[in-house]
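First the structure, in the form of structure tokens, and then the observations on it.
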Amino acid sequence: MGMGWYVTRRVAWAFFVTFIIVSITWGLLAAAPNPEVRAASTQAALEGGNPNEAREDARQRLGLDRPPWVRYVDYVSSIYTLQWGWSDTRSQPVTEAILNALFYTAQYSIPWTLLTILIGPVVGLYSAANQYSWRDHLATGFAFFGYAIPNFFFGIILLLVFGVELEWIPIIYDTDVAVFSWDNFVQLVVPVFVLVTGSIGGLMRVSRNEAAEYVNADFVKTARAKGVSIYRIYFRHVLRPTLVPVSTTLVGYLLYLFTGASLLVEVVFGIPGLGRLLFSALIAQDTNVVLGSTLFFTFVATVGNLLQDLVYTVLDPRIDFSDR
């Protein structure tokens, strides 16, 4: 019993949560009208055919005439065997569609995630070390600006200024440029800036409030009296305990932006990533792609929460998982 047992239980719980969420998504899509069936019925009516017969033929072709529990069992078995079906709207396997979209999502998600982790807590620590000064007010104003302004609106404004007026960045995302090239950097710098601005605001405020409790603590005063370097005090004795509560906000915030804000940013900048893939699949009611994308986002969320719990023990060795 200990860390291994705790991780095993959390992984099992992650599988259970994933199963529940994907089952609910399947039920909602199964209850919604199928656009292909409706289109077949409409087309038959326009051509003078029998709409009811065309509708039944479409349902039989799509396998919708089978009992719901049979379709659900087939669906669950295909999920755990990684047979996520075929995308009718994209004419390719769902796993291939997700991997192709993930390639473009990773190109901007990795930079803004790293920048958020590096900049947010450090700016909060700097603000706490200079409380009530103009630097603190400047950092606080920037945090509230990034926290308040919607990402998609901020992205549209920057796209109009730097893309339309100044012509510094391309308006349409080009999928043909090399990943590690200057052209790709130019077309991704604004989406990354928008997401970083929206993410570090909340982290900066949490880290500032937490760090402010330690700046004047007794152990910090003792370290100063002993002549310890100011950088060693802040980065070793103040930042480390500050990161324990910050990590909770960090994971939740990053997951929120990854699953929500990234969709809007991809739509605004025309990036063919996971968010845009899910959005297009929802509009077209491409059931297999919606379920596959939901399963992927759920997997990312559960793994992120598991990593968050494990990071606790690294940042604060006093946390013990043996009794959990």
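The values are calculated or read from the model by the stated rules, or taken from the named source; none is laboratory data. Remember, predicted model here, so these are calculated numbers, not experimental data. Ideal geometry is used to build each Cβ from the backbone, glycine not excepted, and the neighbour counts take in all protein chains shown. The area values use the complete protein model at the heavy-atom level, side chains included, leaving out ligands, DNA and RNA. Shrake-Rupley method; radii C 1.70, N 1.55, O 1.52, S 1.80 Å.
The table below gives the values:
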quantity	calculated
Condition met for Val17 (without any contact (Cβ under 8 Å) to a residue 40 or more places away in the chain and open to solvent by less than 60 Å² (accessible area, probe 1.4 Å))	no
Matching residues in the range 84-127 - criterion: being on the phi < 0 side of the Ramachandran plot and either in a loop (DSSP other than H, G, I, E, B) or among the basic types (Lys, Arg) (or both)	Trp84, Asp88, Thr89, Arg90
Selection status of Glu53, acidic (Asp, Glu), under 16 Å from Val290 (Cβ atoms), in a helix (DSSP H, G or I) and open to solvent by 40 Å² or more (accessible area, probe 1.4 Å)	no
Residues of the range 77-101 satisfying the condition of being more than 20 Å from Ala284 (Cα to Cα) and either in contact (Cβ under 8 Å) with a residue 24 or more places away in the chain or in contact with a Gly (Cβ under 7 Å, 6 or more places away or on another chain) (or both)	Ser78, Ile79
Of all residues in the range 272-285 being closer than 18 Å to Tyr104 by Cβ and in contact (Cβ under 8 Å) with a residue 60 or more places away in the chain, the one that is most open to solvent (accessible area, probe 1.4 Å)	Arg276
Long-range neighbours under 9 Å by Cβ, at least six apart or interchain, first residue over 12 Å from Asn34 (Cβ atoms) within the range 54-66, second open to solvent by 80 Å² or more (accessible area, probe 1.4 Å) and assigned to a helix (DSSP H, G or I)	Ala54/Gln43
Test for Asp286: is it modelled with pLDDT under 75 and of a type in the set (D, E, K, R)	no
Residue check, Ala32 over 24 Å from the mean Cα position of the chain (by Cα), in contact (Cβ under 8 Å) with a residue 60 or more places away in the chain and surrounded by fewer than 16 Cβ atoms within 10 Å (Cβ to Cβ)	yes
Those residues of the range 216-232 which are free of Cβ contacts under 8 Å to residues at least 12 places away in the same chain and either more than 18 Å from Tyr126 (Cβ to Cβ) or polar (S, T, N, Q) (or both), in sequence order	Asn216, Asp218, Lys221, Thr222, Ala225, Lys226, Gly227, Val228, Ser229
